[in-house]
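The values are calculated or read from the model by the stated rules, or taken from the named source; none is laboratory data. In this text, all values refer to a predicted model and were calculated from it rather than measured experimentally. For neighbour counting, all protein chains shown are included, and Cβ atoms are generated from backbone atoms with ideal geometry for every residue, glycine included.
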Amino acid sequence: MKKVYVNEDWCLACHLCEYYCAAANSGAGSMIKAFAGGKKPIPRIKVEEGSGINFAVQCRHCDEPACVKGCITGALSVKDGVISCDESRCVGCYTCVMSCPYGCIVISEDSSVIQKCDLCLKNNNGEPACVKGCPNGAIVLEER
Amino acid sequence: MAINYYQPLYEVMRDRDRCIKCRACERQCANEVHSYDEECDVMISDSRQCVDCQRCVSICPTNALKIANNPNTFRQNSNWSQQIMTEVYKQAETGGVLLSAMGNPKEYPVYWDKILLNASQVTNPPIDPLREPMETKVFLGKKPKNVKFNKDGTINTDLPPTLELSTPIMFSAMSYGSISKNAHESLARAATELGIYYNTGEGGLHKDFYKYGPNTIVQVASGRFGVFRDYLEAGAAVEIKMGQGAKPGIGGHLPGAKILEDISKTRMIPMGTDAISPAPHHDIYSIEDLRQLVFSLKEATCYKKPVIVKIAAVHNVAAIASGIARSGADIIAIDGYRGGTGAAPTRIRDNVGIPIELALASVDQRLRDEGIRNEVSIVVAGSVRSSADVVKAIALGADAVYIGTAALLALGCHLCRSCQTGRCNWGIATQRPDLVKRLNPDIGYKRLVNLIHAWDHEIKEMMGGMGINSVEALRGNRLMLRGVGLTEKELEVLGIQHAGQ
Ligand code: SF4
Ligand code: SF4
Ligand code: SF4
Ligand code: SF4
């Protein structure tokens, strides 16, 4: 299965992936609209930086996902290797937030549910927005 | 300073309706133009520092930025232009020599744009390059005068060493130091994939790049940086740099601050020392001296590699080229006054040298007149901007061209001409690790390969239109060229007729 991988050699810590991610999943249709009026949609990817090394982190779509195992309502599930969240079932207990070893699960703006990377399968982006938007090929979607 | 004698050249314009305050521009501008004011939740810009490299414009996710010329003008004066006045103010402030980068930007004539190509009509029909074979392969080096036979009647194929190019384009000399390691890697990998050559420049060859040796031209310049046995052996050809189009008669100076560990090892000089290339080679004061160096290098490489001598196009270039052809060199590279550089005194860059088109035409003619054209190949450089320029250069007599600026453009350079500051926002003319990173060679080399493939297609199409099916047949074919808007003298030097003739 194709997964998103990051290459810290080329990450510039420009944080654009975060913005492309947030906009793609905001449902607003455009970057400007997503952030209009001071809105701050939350990205599902986070750039870690410092000491000259930067990289973006998002869900690793683990083979043995701790988040899915821990989910108390079955909101998180694995389908074709992609782990996604059924927000209608999430009760906002944050068990998964605490169990993800990579810290890749974020909390929605109104704190009611969790949000996570689902490789842009649910939005209309077609391919992961971070991969498409990264200016330096530091995030790739590939089979390994 | 309380009084700003001169004003910023550009104005950074941010469309606040579009800006989402992502701060990407702030993070990507090494000139620290953009900043975010948390208190007022607003992005602000300091246009004074902007060099118009277009990096922020290119990465802004909402297209919120425009860099415009500062509309502020000094009182109009055709003699004392704003630029000249600004330069006087700057020098009055600093007391220093003005430095610039990249090629001469002044409004001198561009002869490529005053030359038109021919096409076949009715007789000698055009050739469709997609249906019929079309050869862009060329060999650079000495060409034997006649065919020699062995005693048993077979052809003696013992030829002087040559360079084989899949298309008549090479990447010109840009040293590691003046450009980044990632830029070098992009050039080296592209040359290898394309079956052409890139040139180390005078900065030596980084140990990681020896593997690209078969597609590398190694340069020996007046500073002799990084020259030793393995270096000479690594390359496919050795180039002696006598001059550079951007700064004829001037040496080079890479400040000690840029001589970091890797560069110091590659150049074989201590870390932090200035790398000074003298203006002359201290052992070359005549063609005889040059001949000695040519043959020392041939001897050192067992006569297996062609030797290139590179000169700047200056006033008596034809006579100089004739001397070089007689010095034993296999290839002459001529660099026109529009050639690029990482740093040159502005006055030299803008006022010294001659156009490559004229230099090429007169050198080719002179070597033909003297019957020694086959002794050397001619490679021209100094602003070859498109495949049309390549075709015109070949028809004027060149065997191949060197491209430098066009290659850097493919890598992202936007010709802000601030290379000398070492803060290239595109990761090209810099050694700052965070900036070098911005040029990912995996992306860079593919863009170079695309560029040359595109040019190769266009060259074939233009040749096909003329009914010519190989670069060999186009070379020196000045009947395929006509001038427009040129004087008798210019046409005479170019050796072409005027359009309509
Ligand atoms: S967009 Fe690419 S380069 Fe920029 S922070 Fe994200 S991964 Fe790094
Ligand atoms: S990159 Fe564009 S959107 Fe982001 S802060 Fe700069 S101007 Fe605004
Ligand atoms: S120097 Fe380049 S990156 Fe900085 S503001 Fe000017 S154009 Fe943008
Ligand atoms: S190499 Fe970099 S600094 Fe030099 S002109 Fe190009 S963009 Fe500007």
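Summary of computed values
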| quantity | calculated |
| --- | --- |
| Restricting the range B:7-28 to residues that are within 16 Å of ligand 4 (Cβ to nearest atom) and surrounded by fewer than 21 Cβ atoms within 10 Å (Cβ to Cβ), the residue that is farthest from B:Arg438 (Cα to Cα) | B:Leu9 |
| Among (1) facing chain B (nearest Cβ under 8 Å); (2) under 12 Å from the mean Cα position of the chain (by Cα) - the single one A:Arg44 does not satisfy | (1) |
| Tabulated pairs, the range B:2-14, first under 19 Å from B:Ser58 (Cβ atoms), second crowded, with 16+ Cβ neighbours inside 10 Å and of a type in the set (Ser, Thr, Tyr), C-beta under 8 angstrom, 6+ apart or interchain | B:Tyr10/B:Ser47; B:Glu11/B:Ser47; B:Val12/B:Ser45; B:Val12/B:Ser47; B:Arg14/B:Ser45 |
| Any hit, the range B:86-93, residues being of a type in the set (D, E, K, R), exposed (fewer than 14 other Cβ atoms within 10 Å of the Cβ) and within 14 Å of chain A (Cβ to nearest Cβ) | no |
| In the range A:118-137, the residues that are within 11 Å of the chain's Cα centre (by Cα) and in a helix (DSSP H, G or I) | A:Ala129, A:Cys130 |
| The range B:29-42, residues that are within 38 Å of the chain's Cα centre (by Cα), away from ligand 4 (no atom under 16 Å from the Cβ) and within 13 Å of chain A (Cβ to nearest Cβ) | B:His34 |
| Looking only at the range B:225-284, and only at residues there that are among the charged types (D, E, K, R) and part of a loop (DSSP other than H, G, I, E, B), the one that is nearest to B:Lys181 (Cα to Cα) | B:Asp274 |
| The range A:42-63, residues that are acidic (Asp, Glu), under 22 Å from A:Arg144 (Cβ atoms) and surrounded by 14 or more Cβ atoms within 10 Å (Cβ to Cβ) | A:Glu48 |
| Count of residues meeting criterion [farther than 30 Å from B:Ile496 by Cβ and either of a type in the set (Ser, Thr, Tyr) or in contact (Cβ under 8 Å) with a residue 60 or more places away in the chain (or both)] in the range B:82-119 | 13 |
| Entirely in the range A:1-117, the helices (runs of 4 or more DSSP H) that have 1 or more residues that are more than 30 Å from B:Arg23 (Cβ to Cβ), more than 16 Å from ligand 3 (Cβ to nearest atom) and touching a Lys or Arg at 6+ places or on another chain (Cβ under 9 Å) | A:66-70, A:95-99 |
| Count of residues meeting criterion [in a strand (DSSP E or B) and either within 11 Å of chain A (Cβ to nearest Cβ) or within 8 Å of ligand 2 (Cβ to nearest atom) (or both)] in the range B:1-28 | 1 |
| Odd one out for B:Val220 among (1) more than 20 Å from the chain's Cα centre (by Cα); (2) at pLDDT 95 or above; (3) farther than 17 Å from B:Thr167 by Cβ; (4) not basic (Lys, Arg) | (1) |
| Residue list for the range B:43-90, restricted to those being hydrophobic (A, V, I, L, M, F, W, C) and either in contact with a Ser or Thr (Cβ under 6 Å, 6 or more places away or on another chain) or near ligand 2 (Cβ under 10 Å from one of its atoms) (or both) | B:Met43, B:Ile44, B:Val51, B:Cys56, B:Val57, B:Ile59, B:Cys60, B:Ala64, B:Leu65 |
| Residues that are loosely packed, with under 14 Cβ neighbours inside 10 Å and without any contact (Cβ under 8 Å) to a residue 40 or more places away in the chain, drawn from the range A:64-86 | A:Glu64, A:Lys69, A:Ile72, A:Thr73, A:Gly74, A:Lys79, A:Asp86 |
| Verdict on B:Thr73 being farther than 16 Å from B:Cys416 by Cα, of a type in the set (Ser, Thr, Tyr), free of Cβ contacts under 8 Å to residues at least 60 places away in the same chain and within 16 Å of ligand 1 (Cβ to nearest atom) | no |
| Residue match in the range A:26-40 (condition: more than 14 Å from chain B (Cβ to nearest Cβ), out of contact with any Leu (no Cβ under 6 Å at 6 or more places or on another chain) and surrounded by 15 or more Cβ atoms within 10 Å (Cβ to Cβ)) | no |
| Matching residues in the range B:242-287 - criterion: being in contact with a helix residue (DSSP H, G or I) (Cβ under 8 Å, 6 or more places away or on another chain) and either β-branched (Val, Ile, Thr) or without any contact (Cβ under 8 Å) to a residue 12 or more places away in the chain (or both) | B:Ile250, B:Ile259, B:Ile263, B:Thr266, B:Pro270, B:Thr273, B:Asp283, B:Ile284, B:Ile287 |
| Residue in the range B:343-364 that is on the phi > 0 side of the Ramachandran plot, at pLDDT 95 or above and not basic (Lys, Arg) present | yes |
| Identity of the residue in the range B:396-410, surrounded by 24 or more Cβ atoms within 10 Å (Cβ to Cβ) and of a type in the set (Val, Ile, Thr), that ends up farthest from B:Ile496 (Cα to Cα) | B:Ile403 |
| Filter result for B:Cys56 (among the hydrophobic types (A, V, I, L, M, F, W, C), under 30 Å from the mean Cα position of the chain (by Cα) and at pLDDT 95 or above) | yes |
| Close pairs (8 angstrom Cβ cut-off, 6 or more residues apart or separate chains): more than 23 Å from B:Val138 (Cα to Cα) and modelled with pLDDT of 95 or more in the range B:473-501, surrounded by fewer than 19 Cβ atoms within 10 Å (Cβ to Cβ) and of a type in the set (S, T, N, Q) anywhere | B:Arg482/B:Asn118; B:Arg482/B:Gln497; B:Arg482/B:Gln501; B:Gly483/B:Gln497; B:Leu491/B:Gln497 |
| Looking only at the range B:51-71, and only at residues there that are in a loop (DSSP other than H, G, I, E, B) and in contact with a helix residue (DSSP H, G or I) (Cβ under 9 Å, 6 or more places away or on another chain), the one that is farthest from the other protein chains (Cβ to nearest Cβ) | B:Asn70 |
